[in-house]
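Engineer: Here it is: the structure, laid out below.
The values are calculated or read from the model by the stated rules, or taken from the named source; none is laboratory data. Predicted, not measured: the structure shown is a model, and the values here were computed from it. Cβ placement follows ideal geometry from the backbone for every residue including glycine, while neighbour counts extend to all protein chains displayed.
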Amino acid sequence: MVYKRWKNRWLALVALFFLLFPLWLIGETNALFTDQQTVPNNTASTATLKVSVSPSPIFNVSNLIPGDVIQRTVTVKNDGTVPFTYSIQGSATNNTLLWTDKTNGLQLTIVKDATTYFTGPISNINTNPNPELLLAPGASDQLQFTITFPVTANNAFQNLTETITFTVSAMQLPGAAR
């Protein structure tokens, strides 16, 4: 019986210790300085990639004869907020000899600042080995497009119509740490 009483007292004492010990810690005073600063209005916004080309269409010529040369100045402008590189591709609607004949079909030369960007059969524009052109935001390039109908074209080229679509493809420069 005495043992049971001591055991009960001991358990009561241990329980009391666990109940009162946290209160002792809470009542303790700590003298630590603290401060806090709020930094509001943090924003992140994305860029705008926008290329424009003029004139459109670049050319619309009828009654071509062998030896004709069509020259147009084409403006490519970066209307976006980030620099980009761009390339020029082409496609034909009718796939006539004007497009498919590499020798007597239409020949294209594209020049930028006295540097030839592309020269050859118009249908080869998609295989242009030259690097893409770089354009800063708000800047524009003046490209000289020259289309030549070779003097060697024969009677097979009479009464042909070809519709050509030029596509200027722009790609942003890679992102970086900021």
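Engineer: Using the structure shown, decide if Thr161 is more than 15 Å from Ile88 (Cβ to Cβ), modelled with pLDDT of 95 or more and surrounded by 11 or more Cβ atoms within 10 Å (Cβ to Cβ).
Structural biologist: No: the conditions fail for Thr161.
Engineer: Select from the range 100-134 the residues that are within 22 Å of Leu173 (Cβ to Cβ) and out of contact with any strand residue (DSSP E or B) (no Cβ under 7 Å at 6 or more places or on another chain) and list them in ascending order.
Structural biologist: Asp113, Thr115, Pro129, Pro131
Engineer: Which count do you get for residues in the range 88-143 that are among the small types (Gly, Ala, Ser) and assigned to a strand (DSSP E or B)?
Structural biologist: Going through the range 88-143 one residue at a time, the tally reaches 5.
Engineer: Inside the range 61-87, can you point out the residues that are under 14 Å from Thr148 (Cα atoms) and assigned to a loop (DSSP other than H, G, I, E, B)?
Structural biologist: Correct list: Val61, Ser62, Asn63, Leu64, Ile65, Pro66, Gly67, Asp68.
Engineer: In the set Thr96, Thr115, which member is farther than 21 Å from Ser52 by Cα, crowded, with 18+ Cβ neighbours inside 10 Å and not aromatic (Phe, Trp, Tyr)?
Structural biologist: Thr96
Engineer: Still on this structure, I have one more. For the range 43-70, give me each residue that is modelled with pLDDT of 95 or more and in contact with a Gly (Cβ under 8 Å, 6 or more places away or on another chain).
Structural biologist: Result: Lys50, Val51.
Engineer: Under 30 Å from Val82 (Cβ atoms) and either of a type in the set (Ser, Thr, Tyr) or outside any loop (DSSP other than H, G, I, E, B) (or both): which single residue out of Thr146, Thr165, Thr161, Thr152 fits that description?
Structural biologist: Only one candidate passes the filter, namely Thr165.
Engineer: In the range 151-178, what count of residues is obtained for those that are farther than 17 Å from Asn60 by Cα and in contact with a helix residue (DSSP H, G or I) (Cβ under 9 Å, 6 or more places away or on another chain)?
Structural biologist: Result for the range 151-178: 3.
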